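Worksheet for the structure shown next.
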Amino acid sequence: MTKPAALILFLVLSLPSFAQEIEIPRLKKHIYYLADDKMKGRGTGSKEADKAAKYVQKAFKSYGLKPLGTQGYYQDFEAKVRRVVVQDSIRPSRNVIGFLDNGADKTVIIGAHYDHLGEGKQGSSKDSTGYGRIHNGADDNASGVAGLLELARVFSQNKAKEPVNFLFIAFGAEELGLVGSRYFAAHPTLPLSTVHFMLNMDMIGRFNPDNGVAIIGYGTAPEFETIFKQIDTSRHIRHYTGYEGRGGSDQTSFYEKDIPVLFFHTGGHDDYHKPGDDAHKIDYVSLKGILDLEKEVVERSFGIEKMHFRSTDKQ
């Protein structure tokens, strides 16, 4: 770590008066809204998915983030339902993109997908009786969107000017095959060469204390080893690292563009892709703990001049 970088990191980490805290009531507000029955599972192409996108857009605007889509905060695209045969297989969707411009040379991307399975008619339901029933997707992935919005609020509303920019993205159509993140990676609204690393949140609401939260992508940059060595594990929620960069969520789209990635995930459970994935089952205290850990990981990255991508694919 260079002396200027070390000084910046010290200032960022040692000024609690500047700090904004992750707030559990805000996490609950976001998840209970997104995973309410009125949102009908936020299936791609539905008016409820569009309503979820507007919810994120309004939050980004209230935080003072700059729109960095192709139409304001939105980046529109089309997604195709492939798992089942449906009449409306081509559906409109959109990413929601907000930019915190700190005038820095590098940008941290933080993302989470906001779509889910709707009423079980687009495929992927794990419940044989799930067709026509609302899949609320509280963990998958209202939990990740709540985390996205809280990190956006914290970094944009504090009084510190971080030595990185932030690009916050709520992806559409993840459940149809990472469509939104792949679209952004193919049509980026800022140069991918400026990306420090990408942090993805997908299903971070059902913490299992026996396992801890998985942090996948640890091997995609050797600098992650330095970052995690600096973290006092006694101050944080239990966690473990996974080497591979690929996986069944949106960080894969960035890994395939040679960008270091981290993917936070609390693992599967009996309600995964079923109608029972409801807001009251989320562990909100642990969700806050995961976001506190993510926040420190991001802040520790400020002291890294450059993250060097490393492929984790087996040769």
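The values are calculated or read from the model by the stated rules, or taken from the named source; none is laboratory data. Values in this document were obtained by computation on a predicted structure and should not be read as measured data. Don't worry about glycine lacking a Cβ; one is built from the backbone with ideal geometry, like all the others, and counts go over all protein chains shown. What goes into the accessible areas is simple: the full protein's heavy atoms, side chains included, and nothing from ligands, DNA or RNA. Shrake-Rupley method; radii C 1.70, N 1.55, O 1.52, S 1.80 Å.
For the reader, a short list of remarks on this structure follows.
- Residue check, Tyr272 closer than 21 Å to Arg300 by Cβ, in contact (Cβ under 8 Å) with a residue 60 or more places away in the chain and open to solvent by 10 Å² or more (accessible area, probe 1.4 Å): no
- For Gly267: the one exception among (1) in contact with a strand residue (DSSP E or B) (Cβ under 8 Å, 6 or more places away or on another chain); (2) over 17 Å from Pro222 (Cα atoms); (3) buried (at least 18 other Cβ atoms within 10 Å of the Cβ); (4) not hydroxyl-bearing (Ser, Thr, Tyr): (3)
- Residue check for Ser311: modelled with pLDDT of 95 or more, over 26 Å from Ala35 (Cβ atoms) and among the hydroxyl-bearing types (Ser, Thr, Tyr): yes
- Looking across Lys306, Lys295, one residue alone is at pLDDT 95 or above, assigned to a helix (DSSP H, G or I) and either open to solvent by 20 Å² or more (accessible area, probe 1.4 Å) or over 26 Å from Val164 (Cα atoms) (or both). It is Lys295.
- Total residues in the range 189-205, condition free of Cβ contacts under 8 Å to residues at least 40 places away in the same chain and crowded, with 19+ Cβ neighbours inside 10 Å: 0
- Number of the condition not met by Gly72 [criteria: (1) more than 24 Å from Ala138 (Cβ to Cβ); (2) surrounded by 16 or more Cβ atoms within 10 Å (Cβ to Cβ)]: (2)
- Every residue from the range 239-264 that is assigned to a loop (DSSP other than H, G, I, E, B) and open to solvent by 20 Å² or more (accessible area, probe 1.4 Å): Tyr243, Glu244, Arg246, Gly247, Gly248, Glu256, Lys257, Asp258
- Screening the candidates Val179, Val261, Val195, Val164 for the property of being of a type in the set (Val, Ile, Thr) and in contact with a helix residue (DSSP H, G or I) (Cβ under 6 Å, 6 or more places away or on another chain) yields one hit, Val261.
- Residues satisfying the stated conditions in the range 62-119, i.e. in a strand (DSSP E or B), closer than 22 Å to Leu192 by Cα and of a type in the set (Val, Ile, Thr): Val96, Ile97, Thr107, Val108, Ile109, Ile110
- Of all residue pairs spaced 6 or more apart or on separate chains, those with beta-carbon atoms under 6 Å, a first member in the range 51-79 that is under 16 Å from Leu148 (Cβ atoms) and a second member that is open to solvent by less than 10 Å² (accessible area, probe 1.4 Å) and of a type in the set (S, T, N, Q) are Gly69/Gln75; Gln75/Asn95.
- Checking Ser93 against (1) within 20 Å of Ser156 (Cβ to Cβ); (2) open to solvent by less than 30 Å² (accessible area, probe 1.4 Å), the condition it does not meet: (1)
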